[in-house]
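This report refers to the structure that appears directly beneath it.
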Amino acid sequence: MSFPPSRSAPAPVRLRTALVAAVTVVAVATIGCDTQRRDARNADSPSSIGSAKSEVPVAADSNASAIVVRDDFGGTVALAPIPQRVVSLNPTTTELIFALGGEARVVGRSRWDEWPSAAKQVPALGDALRPSIERVLAARPDLVVLYATPNNRPAYDRLRAAGIRAVGLRIDHIAQFERAARLLGRMLGRAAAGEQVADSVAATLDRVRSATRNLPRPSVVWPVSASPPIVIGGGSYMSELIDIAGARNVYGTMPAPSPVVSIEDVVARNPDIVIRGGDDNPSSAWSTTWSVVPAVRAGHVVRVSTELVSRPSVHLGEAAVALARALHPEAVIP
Amino acid sequence: MMRHRAWHWGAAAVGLVVVALVAVALGAVRVPLHDLFAIMRGAAPVSTREIVLTLRAPRVVLAALVGAALGASGATMQATLRNPLAEPYLLGVSGGAAVGAVGAMVLRFPAAAWPIGAFIGSGVAVALALGVARGAGTLRAADPRTLLMAGVVVGALANAIVMIALANVPPETVRGALWWMMGSVGDATWTSVAWLAGYALITIVYLLVQAPTIDALTLGDDAAAGLGVQVESATTRAFLTAALLAAATVAAAGLVGFVGLIVPYLARGAGLSRQRDVLVGSLFIGAALVIVADLAARVAMPPSELPLGAVTAVLGVPFFLVQLRRLR
C-alpha cells in the first residue's frame, strides 16, 4: 500500500515547528513522568537515592559537648537554642519526637506522619518530599526536620535562606535511627530521653540477635508489592531486621532498598519463607504469579504487622521481636 | 499464486511458534527444550511445570496477543487515515485508555473494572483527536501532521490528567500505576489472556471483513464513493474499531508504544499490499515483535525487568523518524 501525499503540501518550516513542539511536549511529559517515578520510589522507601549505606553519619559530630553538628545534607546545625515550634516532615522523625516527649512543640507534620495516633492532631502540611515551603513557613517553625534526599534539597536550601533552622536526616538504617534519636534528643533539650530511646531499641535488638544466633537461618524474601514484584533489598533497615531476626534475605546483597525484581528471579532464588507485611495493597498477583514461588505453594508465608515494620522508628525493637517470633515459632524470643 | 501465499503464511506461523518456544525456554530459570516437551507429556518436575505453565506461557501468549492486536490496530489506522504515522500510541488513543484505567485504579475500582475505564478513556481521546482533526474538514482530509499534532496534544493532556490523579494517592499506588503505564505483560494469567483473546478475535475478524472497503478507501474519496463506499462512516467505523482494539491491549498490558507504527511498516516492507494481507501479516509480525521485546525486557537486566513499553519505544523511535522524514 502506498500513501498519496496529503492535500495541503507540507511546508517544511511548519513541519519543523510542529515537530519541535511535539518533541518538546513529549520530552516535558517524559521528564515529568520520570520525576514522579523517582519521587514514588523514594517515598515508597525513602532511601533509594545515593549509596544509602549505614556509614553515612546522621550527625558526623556526635560529640556530646559540640554545639554545632553537621547534618546529612552537609550543612551545619546549631543545637541551641531549644526550638519551640517544630515541623517534622517524615513519619520516622515525627514518631521519634513524640517518643522523646517533644509532642507539645510539634506544629506541623507531613500528611504521611500518622504515628503515634496523637500525631494526627497536628496539622498536616502536605508532602514529605518536595514539601510546600509556603505552608511550612506559615506554621512559623523555628526548626524543620526533613528527610535528607536530593528531592528535599531545594526545600532545605530555601528554608535556610529564609533564616529557619532546617535539619536533614537520612534514616534508612537502624544505626541512623539511633543517631537521630540521640541528636534530636539533644536538640530538643531532652538528651536523656534520646539516649534512652536509642539504648532501649539497641538493647531489644541485641536480645533478639542473641536469641536467634544459634537457630537455623532460613532464607527469606520480603515483598512489599506483588505487581510489579518489589522486594526489600540490602539498602533497607528491613533487611537488617531480617538478619537480626535470624534469617537470610535472598536479596540482601542488592544495594537498593526496594528493588523491582522479576517473579521468575524470586522463584530461581527459591527462598524458604515469604514474609508478608509492609504491603497494604491487595493485589490479585499474590494468588496468581506469586503462587509459583515454592515457599508460597508450600504455605511457608509468615505475616508481621505493617504498622510495626513500615518505618525505622521507635518500634524497631518490637518489629524485630515480632519478625523473629514469626520466623522461629518453635524458639523462645524474649 | 494462492499456493505460494499459503506457503508464506505457513512459514510465518511456524516462525512465530519457534519464537514463542524460545521465549518460553529463556528466562531467570532456564528451561531446556526437552523439559518443554516433558511438560507436554506431563513428565516434568512440578517447579518447572509451574514456571512454564503459570508464568511464562501465559506471558508469551499475552505478549503475542498484544503485539498482534496493536499491529492490526496500526495497520487499520494507517490505511483508513492514509497516514503512515497513524498509530494508537501516537494518536493519543493509548493515553486516553491510560487515563481511564488509572482513574479506575485511583478510585479503587476492582482490577476487573480497569479495562472498562480504559475503553471509556480511549473513546474520549478518539473523540477529542477526531474533533481536533475535523477542524481541518473531514477526518480523511486532515493533514497527517494535523492528526499527529492532535494526537500529541491529546496524549499530553492524558499525561497531565494521570499526573494530577496520582498527585494525591499513596506512594505505593503511584509506583504501581507508573509501572503499569510503562507497559508490562508480567502479570499475565490465563484469565487475562482469555479476555484479550476473545476481544481481539471479534474486532480483528471485523477488521478483516472490512479490509476490502478499506482497500477502496485508499484509492481516494471519489473513487471509493464510486465503488459504493460511504467514505466518512466507513472510515469512522474502522478507526473506532481499531481504537477499541488498542484500548483492550492497554487494559491488559499498559502502554506499549510504537508497535502499531513499526509492524504495518514491516508488513508492507515484506511486499504485502492488499489490506487483508497487511492485516494478517501485521498479526504475525506484531506477535513476534512483542514476544521478542518482552524477552529482551526479561533478560536484559536481571534480577530486574525493563518496562516493555520502554523496549518497544527504543525499537520504534528510529522508525518514527524515518517515516517523518518521508513525509517531507
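The values are calculated or read from the model by the stated rules, or taken from the named source; none is laboratory data. Keep in mind that this is a model prediction, so the values were computed, not measured. With ideal geometry, Cβ positions are generated from the backbone for all residues, glycine too; neighbour counts draw on all protein chains shown. Heads up: the accessible areas ignore ligands, DNA and RNA and are worked out on the full protein's heavy atoms, side chains in. Shrake-Rupley method; radii C 1.70, N 1.55, O 1.52, S 1.80 Å.
Mind checking whether some residue in the stretch B:199-219 is closer than 22 Å to A:S227 by Cα and of a type outside the set (G, A, S)?
Checking the stretch B:199-219: not a single residue is closer than 22 Å to A:S227 by Cα and of a type outside the set (G, A, S).
Given the options A:G108, A:G126, A:G102, A:G168, name the one that is surrounded by 15 or more Cβ atoms within 10 Å (Cβ to Cβ), of a type outside the set (A, V, I, L, M, F, W, C) and closer than 16 Å to A:S313 by Cβ.
Step by step, each of A:G108, A:G126, A:G102, A:G168 is checked, and only A:G102 is surrounded by 15 or more Cβ atoms within 10 Å (Cβ to Cβ), of a type outside the set (A, V, I, L, M, F, W, C) and closer than 16 Å to A:S313 by Cβ.
Being away from chain A (no Cβ under 12 Å), in contact (Cβ under 8 Å) with a residue 12 or more places away in the chain and open to solvent by 50 Å² or more (accessible area, probe 1.4 Å), is that true of even one residue in the stretch B:302-314?
The answer is no; no qualifying residue exists.
Scan the stretch A:275-294 residue by residue and report those that are open to solvent by 30 Å² or more (accessible area, probe 1.4 Å), without any contact (Cβ under 8 Å) to a residue 60 or more places away in the chain and over 15 Å from A:V220 (Cβ atoms).
A:D280, A:N281, A:P282, A:S283, A:S284, A:S287, A:T288, A:S291
I'd like to check which strands (runs of 3 or more DSSP E) are fully inside the stretch A:106-198 and have at least 2 residues that are over 20 Å from A:D71 (Cα atoms).
Because the criterion is at least 2 residues that are over 20 Å from A:D71 (Cα atoms), the strands (runs of 3 or more DSSP E) in the stretch A:106-198 that meet it are A:106-109.
Are any residues in the stretch B:16-31 more than 14 Å from chain A (Cβ to nearest Cβ) and open to solvent by less than 30 Å² (accessible area, probe 1.4 Å), and if so, which ones?
Matches in the stretch B:16-31: B:A20 only.
Please indicate, with yes or no, whether at least one residue in the stretch A:205-223 is within 14 Å of chain B (Cβ to nearest Cβ), modelled with pLDDT of 95 or more and either closer than 25 Å to B:L26 by Cβ or assigned to a loop (DSSP other than H, G, I, E, B) (or both).
Within the stretch A:205-223, one or more residues are within 14 Å of chain B (Cβ to nearest Cβ), modelled with pLDDT of 95 or more and either closer than 25 Å to B:L26 by Cβ or assigned to a loop (DSSP other than H, G, I, E, B) (or both).
Go through (1) out of contact with any helix residue (DSSP H, G or I) (no Cβ under 8 Å at 6 or more places or on another chain); (2) touching a residue at least 12 places away in the same chain (Cβ under 8 Å) and name the single condition A:A104 misses.
(2)
In the stretch A:233-274, what residues are open to solvent by 20 Å² or more (accessible area, probe 1.4 Å) and polar (S, T, N, Q)?
A:T253, A:N270, listed by residue number.
Would you check which residues across the stretch B:147-164 are at pLDDT 75 or above and either at the interface with chain A (Cβ under 8 Å from one of its Cβ atoms) or open to solvent by 30 Å² or more (accessible area, probe 1.4 Å) (or both) and list them?
Those that are at pLDDT 75 or above and either at the interface with chain A (Cβ under 8 Å from one of its Cβ atoms) or open to solvent by 30 Å² or more (accessible area, probe 1.4 Å) (or both): B:M149, B:V152, B:V153, B:G155, B:A156, B:L157, B:N159, B:A160, B:I161, B:M163, B:I164.
Scan the stretch B:71-97 for residues that are within 20 Å of B:I204 (Cα to Cα), away from chain A (no Cβ under 12 Å) and not charged (D, E, K, R) and jot them down.
B:G71, B:A72, B:S73, B:G74, B:M77, B:P88, B:L91, B:V93, B:S94, B:A97
Residues to consider are A:A155, A:A198; find the one that is open to solvent by less than 10 Å² (accessible area, probe 1.4 Å), more than 14 Å from every other protein chain (Cβ to nearest Cβ), small (G, A, S) and in contact with a Pro (Cβ under 9 Å, 6 or more places away or on another chain).
Exactly one residue qualifies, and that residue is A:A155.
Take the conditions free of Cβ contacts under 8 Å to residues at least 40 places away in the same chain, closer than 30 Å to A:N214 by Cβ and polar (S, T, N, Q) and apply them to A:N249. Does it pass?
yes
I'd like to verify a number: residues in the stretch A:205-232 that are surrounded by 19 or more Cβ atoms within 10 Å (Cβ to Cβ) and within 22 Å of A:A268 (Cβ to Cβ), how many?
Matching residues across the stretch A:205-232 total 13.
Mind listing just one residue for me: the one in the stretch A:87-105 that is part of a helix (DSSP H, G or I) and polar (S, T, N, Q) and, of those, farthest from A:R190 (Cα to Cα)? Full working, then the answer.
We begin by selecting, within the stretch A:87-105, every residue part of a helix (DSSP H, G or I); these are A:91-99, A:103-105.
Of the ones still in play, those that are also polar (S, T, N, Q) are A:92-94.
Working: A:T92: 17, A:T93: 15, A:T94: 15 Å.
Across the stretch A:87-105, the extreme among qualifying residues is A:T92.
Restrict the check to the stretch B:199-218 and report whether at least one residue is open to solvent by 20 Å² or more (accessible area, probe 1.4 Å) and facing chain A (nearest Cβ under 9 Å).
Yes.
Take B:A11 and tell me if it is away from chain A (no Cβ under 14 Å) and open to solvent by 20 Å² or more (accessible area, probe 1.4 Å).
yes
Among the residues of the stretch B:174-191, which ones are open to solvent by 10 Å² or more (accessible area, probe 1.4 Å), in a helix (DSSP H, G or I) and either touching a Cys at 6+ places or on another chain (Cβ under 8 Å) or more than 7 Å from chain A (Cβ to nearest Cβ) (or both)?
Listed by number, the residues that qualify are B:W180, B:M181, B:W190, B:T191.
Name every residue in the stretch B:212-239 that is among the charged types (D, E, K, R) and under 24 Å from the mean Cα position of the chain (by Cα), in order of residue number.
Within the stretch B:212-239, B:D215, B:R237 qualify.
Could you look through the stretch A:295-334, keep only residues that are among the polar types (S, T, N, Q) and either more than 17 Å from the chain's Cα centre (by Cα) or open to solvent by 10 Å² or more (accessible area, probe 1.4 Å) (or both), and pick out the one that is modelled with the lowest pLDDT? Working first, answer last.
So the first thing to find is which residues in the stretch A:295-334 are among the polar types (S, T, N, Q), and the list is A:305-306, A:310, A:313.
Narrowing further to those that are either more than 17 Å from the chain's Cα centre (by Cα) or open to solvent by 10 Å² or more (accessible area, probe 1.4 Å) (or both): A:305-306, A:310.
Details: A:S305: 87, A:T306: 82, A:S310: 86.
Going through the qualifying residues, I end up with A:T306.
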